[in-house]
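What follows is one structure encoded as structure tokens, with my remarks underneath.
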Amino acid sequence: MRIKVGIVSFAHIHVVSYAEALKRIEGVELVGIMEEDRIRGPKYSEWFETKLFTNINDLLMQDLDAVIVTSENVHHKEHVIASASAGKHVLCEKPISVSIQDAQEMIDICKANQVLLQTAFPVRFNSSIIRAKEMIENGQLGKIIAVKGTNRGQCPGNWFVDVNKSGGGAVLDHTVHVTDILRWILGAEVKTVYAEVDNVFTNNLIDDSGILTMQFANGVFASLDCSWSRNATYPIWGDITLEIIGSKGTLSVDAFNQKLNVYTNKSGYNHSFWGDDMDEQLLRDFINSIQAGKEEASITGEDGLRALEVALAAYESSNDKAVITLKFH
Amino acid sequence: MFHVLIIGAGTMGKIHNQAFALMKDVKVVGVVDSNHDNKWMDGQVFSSFEQALETMNQIDVVDICVPTPFHLEYVKKAADAKLNIICEKPLARSVEEGQAIINYCKEKNVKLFVAHVLRFFPEYVQAKALIDSGTIGKIGVARTSRAGSFPQGLNDWYSDYQSSGGVILDMVIHDIDFLRWCFGEVERVYAKGTLGEGYEKLDYALITMRFKNGVIAHLEGSWAHSSFSMKFEFSGLTGVIAYDSAKDKPIELHAHTNDAGLGGVAVPESPLQTNPYYRELRHFLDCLKKEIDPLVSAEDALIAVKIALSAIESIRTSQPKWLD
Ligand SMILES: NC(=O)c1ccc[n+]([C@@H]2O[C@H](COP(=O)([O-])OP(=O)(O)OC[C@H]3O[C@@H](n4cnc5c(N)ncnc54)[C@H](O)[C@@H]3O)[C@@H](O)[C@H]2O)c1
């Protein structure tokens, strides 16, 4: 079955990688993109040799099976709901939304329209993360006790630092990935969150540094550094690391440490990643679910919502200087 | 000439003795240890402090390297004998005991130096110097890690948390003191950890500290790893300073244990003309000689105990703990 896909907005930095991956997947057609921005629109429709629409309804009127929503965080809700209402399956960039109510509404409307809603958590397709999950399931670490995680990066700038478009800074942007991975690997939900959040690294009035501590329902505790704390010339754009402590041993995961060390006069020291492309695997998985007629995406809207709850609880914790118990429990 | 009496002939006593042996103006006159099997200094091992005092006609400094719960007892004995004191960290098992140690030394007018050796590790000293000179701008997030296997002490005293205080009081206290040296006072602390409960020979903790100057710090302490490593990372407005002893190794021996070149363990070293323990003890003796204040005061050591115990309390209550 040939799958026809549209992309709603090129605002998010991940979208170029998604679009390129789509081009590599056999049996997939990029029918068109919706982009209101007058520079981005023509640029990317030309780049990916596809039709440009400046209005989402015009895109949704095309013969489409699925839509990838990669707009600014605050627009996810309207774009997902419009797509679902038009009967299209949706892959939505993380964070799924900026509020719990909005995310719940998106989930409900997708269900009512019997379309898939997948949250874009590509790290689940990182080969080292998959291997770590395997080792844990094989019992190689014994009982899991704790995890020390990081997802640090450079400040993405742009609309990410405008709270009216992003809904939040580093905490919202970088908490959801590792939270999702931990929920997935541990098979347990987060019970309490404590966080110290601040604004240090950027001049914008937005959170850019944070350390979260999570208590999982199965007794595991975890910390996460979600800060935009890498300076401009740091050799790598972002990271995902997990130090996993088990009763039988420890496991260190540095998910993007499949790299060459590159030294040039022009840009100093840089990393050149050669590992598997997790974005492509994410898209293949989404397309497969559509082709197989699955009733649920492999990473659901609820998964997106659970991770969002943790990020929002981190803000609340830092504000109140208190431990937050998640309402879900 | 400094005549030093070491109390405790275990791991630390031995390391201190090796450092003193390199100093021309120091003579280790003996070691006091309650356990006679554990001697590495022939003929100079005393079974009690009193026996050492009676036997030796000159002692200038007492260097206390016994398990933490015995620090107070030996501080009192040394202070009563009007001897200056070097004491291993943590200063004490409780704030009250730590305060009692400080008060007693003041009362008896003897000097008290607490061995927070991280302040003498050149990698840490240099990181602080770079931070202080503004190399990476204002600091936002500081991360430290100290990980190793469960320590071996006589009669397994580290497994008795009432004695050792577990990984936080015994290990993370190094990083607590170092971070306080860099960033000043701590406002609050939140921590999760095993507190040695439920796992034999394993302790692990993750601690978040908020400093009064705004810095957010994250500290990992582990007695759950199979090899030792220490790490730090400071993220500032204009750069990052990072160190990882497991990666930044100047020399590492891999000895073959059989002809196929299999087996054996890697033994890393960080050779220096003088090791940090030497530098620390040398500094304390120089402070005595020149009558100057040490780089780390007994009060610093007491505050580090207070912060470490606050982290432990945070684990017990599941709530953040404010330092007053
Ligand atoms: N600065 C560091 O890096 C560092 C490292 C390890 C330990 N320490 C500290 O040093 C101290 C000693 O630790 P260790 O690892 O050397 O312990 P250890 O168990 O190896 O040695 C302790 C020694 O003290 C003796 N001893 C015990 N109780 C005694 C008593 N009441 N009177 C006389 N002798 C007694 C024991 O027989 C043993 O020989 C502790 O406070 C510990 O926290 C510091």
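The values are calculated or read from the model by the stated rules, or taken from the named source; none is laboratory data. Worth saying up front: this structure is predicted, and the values here are computed from it rather than measured. Positions of Cβ are backbone-derived with ideal geometry, glycine not excepted, and every protein chain shown enters the neighbour counts. Side chains are part of the model used for accessible areas, which takes the heavy atoms of the whole protein and leaves out ligands, DNA and RNA. Shrake-Rupley method; radii C 1.70, N 1.55, O 1.52, S 1.80 Å.
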query: Any residue at all in region A:45-52 that is surrounded by 24 or more Cβ atoms within 10 Å (Cβ to Cβ) and out of contact with any strand residue (DSSP E or B) (no Cβ under 8 Å at 6 or more places or on another chain)?
result: no
query: Quick check: is even one residue across region B:243-262 within 10 Å of chain A (Cβ to nearest Cβ), surrounded by fewer than 18 Cβ atoms within 10 Å (Cβ to Cβ) and either at pLDDT below 95 or more than 16 Å from the ligand (Cβ to nearest atom) (or both)?
result: yes
statement: The one condition residue B:204 fails out of (1) more than 14 Å from chain A (Cβ to nearest Cβ); (2) touching a residue at least 24 places away in the same chain (Cβ under 8 Å) is (1)
message: Kindly evaluate residue B:303 against the criterion of being at pLDDT 95 or above and either more than 25 Å from residue B:187 (Cα to Cα) or within 14 Å of chain A (Cβ to nearest Cβ) (or both).
response: no
message: I'd like to check something: does region B:3-19 contain any residue that is more than 24 Å from the chain's Cα centre (by Cα), more than 19 Å from residue B:88 (Cβ to Cβ) and either away from the ligand (no atom under 12 Å from the Cβ) or among the basic types (Lys, Arg) (or both)?
response: no
task: For residues that are facing chain B (nearest Cβ under 7 Å) and over 23 Å from residue A:158 (Cβ atoms), tally how many sit in region A:216-248.
output: 4
message: Checking the structure you have, find out if any residue of region A:290-307 is farther than 16 Å from residue A:107 by Cβ and without any contact (Cβ under 8 Å) to a residue 12 or more places away in the chain.
response: yes
- prompt: Can you name the condition, by its number, that residue A:276 falls short on among (1) under 19 Å from the mean Cα position of the chain (by Cα); (2) among the charged types (D, E, K, R); (3) within 11 Å of another protein chain (Cβ to nearest Cβ)?
  reply: (3)
- line: residue B:63 meets each of (1) part of a strand (DSSP E or B); (2) more than 11 Å from the ligand (Cβ to nearest atom) with one exception, condition (2)
task: Search region B:137-152 for residues being in a strand (DSSP E or B) and either out of contact with any Gly (no Cβ under 6 Å at 6 or more places or on another chain) or more than 14 Å from residue B:206 (Cα to Cα) (or both), and hand back the single one that is farthest from the other protein chains (Cβ to nearest Cβ).
output: B:144
- prompt: Has region B:270-287 got any residue that is more than 18 Å from the chain's Cα centre (by Cα) and at positive phi?
  reply: no
- request: State the number of residues belonging to region A:254-289 that are in contact with a Pro (Cβ under 7 Å, 6 or more places away or on another chain) and without any contact (Cβ under 8 Å) to a residue 60 or more places away in the chain.
  value: 3
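Out of B:240, B:167, B:189, report the one residue that is part of a strand (DSSP E or B) and open to solvent by less than 20 Å² (accessible area, probe 1.4 Å).
That would be B:189, the only listed residue that is part of a strand (DSSP E or B) and open to solvent by less than 20 Å² (accessible area, probe 1.4 Å).
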task: Please find, within region B:78-121, the residue that is farthest from the ligand (Cβ to nearest atom) out of those that are under 16 Å from residue B:173 (Cα atoms), open to solvent by less than 10 Å² (accessible area, probe 1.4 Å) and among the small types (Gly, Ala, Ser).
output: B:98
- request: Working only within region B:223-237, note down all residues that are within 7 Å of another protein chain (Cβ to nearest Cβ) and in a strand (DSSP E or B).
  value: B:235
- prompt: Among the residues of region B:140-154, is any modelled with pLDDT under 95, within 10 Å of the ligand (Cβ to nearest atom) and either more than 18 Å from the chain's Cα centre (by Cα) or among the small types (Gly, Ala, Ser) (or both)?
  reply: yes
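So is residue A:198 facing chain B (nearest Cβ under 10 Å), acidic (Asp, Glu) and more than 29 Å from residue A:298 (Cβ to Cβ) or not?
On the way: facing chain B (nearest Cβ under 10 Å): yes; acidic (Asp, Glu): yes; more than 29 Å from residue A:298 (Cβ to Cβ): yes.
Criteria met by residue A:198.
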